[in-house]
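So the structure is just underneath, and the comments pick up after that.
The values are calculated or read from the model by the stated rules, or taken from the named source; none is laboratory data. All values derive from a computational prediction rather than experimental measurement. Glycine gets a Cβ as well: all are built from the backbone with ideal geometry, and neighbour counts include every protein chain shown. When the accessible area is computed, the model is the full protein with side chains, heavy atoms only, and any ligands, DNA or RNA have been set aside. Shrake-Rupley method; radii C 1.70, N 1.55, O 1.52, S 1.80 Å.
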Amino acid sequence: MERTAPPDETAAPTTGPPVSDVSGLLDGMPRQRSPRGTAGPGVREPVPAAVPRLRALRPWRLLPTPTGTPFTFGYATLLCLTSLISAHANPALVHALLQGSSTDMAHLVRSPELVLLGSALWVAGGVTSPFAIAFVLVLTALERRIGGLRTAGVFLIGHVLATLATEVPVGLAVLAGHLPGSSLHRLDYGVSFGVAAGIGALAGLLPLWLRLPLLTAFGWMLLQDLLAFTDPMTNWGHLIALGIGLATWPVVRRWYAARLGPAGG
């Protein structure tokens, strides 16, 4: 019987299986980390961890910019100028400008296009009013999603339709003798109807966890104003404008999907 010679300790070790095969057999053993790009052949480099979503947030996108949201930026600049005029010009001049831009029934009958556009150049309460702040935030968010021209369309539809829905019944009531003639000369101006329509439209593009709090908070505020009965026509106009914005959901969602295009799909 032939005896086998003991293995030579100086001999080169037998080449084992590739590292990838060993790692496959020993799944329970943690893999050693190595600098990126220095892993040997057959060894997969570790996949970098996903960047936290908070780092991807860009708070400055809440505000309009000349290139990103030109409609909102230009409109907000114009409102700042008219607010400065309203705050510092001669009170008699300011009253004449506001009266000439008012969307009361008397002006709507004579020059509807002029007053419907002119009334949207002023902010009731100044640039620090809640609707002025909402104007900047809501229209910026909406324009980033559907574009400037479409945002202008949503704003204009809400402004015009809500104005007509509140002023035309006043004219009819005066003709029927239920209201005095002075009701035809009511001072009415501002961007609040357009903003309310923008809030309604934007809600349709937000996730549910943002949509419900937005509509609940804004709707509750409008209902409180209506119950206070300080300016029922304007308060009804806000609710009507919000409803107009909600009715645009199918359209604005198509616009949003088309704007995303292949990159968003």
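Any residue in the range 108-115 that is touching an Asp or Glu at 6+ places or on another chain (Cβ under 7 Å), more than 17 Å from LEU242 (Cα to Cα) and buried (at least 21 other Cβ atoms within 10 Å of the Cβ)?
yes
Just one of the numbered conditions (1) open to solvent by less than 90 Å² (accessible area, probe 1.4 Å); (2) part of a helix (DSSP H, G or I) is not true of GLY125; which one?
With respect to (1) open to solvent by less than 90 Å² (accessible area, probe 1.4 Å); (2) part of a helix (DSSP H, G or I), GLY125 is out only on (2).
Have a look at ALA165, ALA124 and point out the one that is at pLDDT below 95 and closer than 26 Å to ILE244 by Cβ. Give the steps one after another, and end with the answer.
Values: ALA165 fails: at pLDDT below 95.
Going through ALA165, ALA124 in turn, the sole match is ALA124.
What's the number of the only condition in (1) closer than 16 Å to THR77 by Cβ; (2) of a type outside the set (Asp, Glu); (3) surrounded by 14 or more Cβ atoms within 10 Å (Cβ to Cβ) that ILE133 fails to meet?
(3)
Taking the range 224-246 as the region of interest, how many residues are part of a helix (DSSP H, G or I) and free of Cβ contacts under 8 Å to residues at least 12 places away in the same chain? So that I can check it myself, show each step before the final result.
At the first step, the residues of the range 224-246 found to be part of a helix (DSSP H, G or I) are 224-228, 232-246.
Checking the rest, the ones that are also free of Cβ contacts under 8 Å to residues at least 12 places away in the same chain come to 224, 227-228, 232.
Looking only at that region, the number is 4.
Given the criteria at pLDDT below 95, in contact with a Ser or Thr (Cβ under 8 Å, 6 or more places away or on another chain) and part of a helix (DSSP H, G or I), does VAL170 qualify?
yes
Filter the range 72-107 down to the residues that are farther than 13 Å from LEU121 by Cβ and open to solvent by less than 20 Å² (accessible area, probe 1.4 Å) and list them by number. Show your work before the answer.
Residues of the range 72-107 that are farther than 13 Å from LEU121 by Cβ, as a first pass: 72-73, 87-93, 95-96, 99, 104-107.
Within the range 72-107, THR72, ASP104, ALA106 meet the criteria.
The conditions are (1) open to solvent by less than 30 Å² (accessible area, probe 1.4 Å); (2) at pLDDT below 95; (3) touching a helix residue (DSSP H, G or I) at 6+ places or on another chain (Cβ under 7 Å), and GLY237 fails exactly one of them. Which is it?
So GLY237 meets the others, but not (2).
If I ask for residues that are of a type in the set (Phe, Trp, Tyr) and closer than 15 Å to THR166 by Cα, which ones from the range 190-228 would you list?
Answer for the range 190-228, where residues must be of a type in the set (Phe, Trp, Tyr) and closer than 15 Å to THR166 by Cα: just PHE193.
Give the range 165-194 a look and list any residue that's polar (S, T, N, Q) and either touching a residue at least 12 places away in the same chain (Cβ under 8 Å) or surrounded by 12 or more Cβ atoms within 10 Å (Cβ to Cβ) (or both), or say none. Break it down into steps so the answer makes sense when it comes.
Pass one, the range 165-194, residues polar (S, T, N, Q): 166, 182-183, 192.
Within the range 165-194, THR166, SER183, SER192 meet the criteria.
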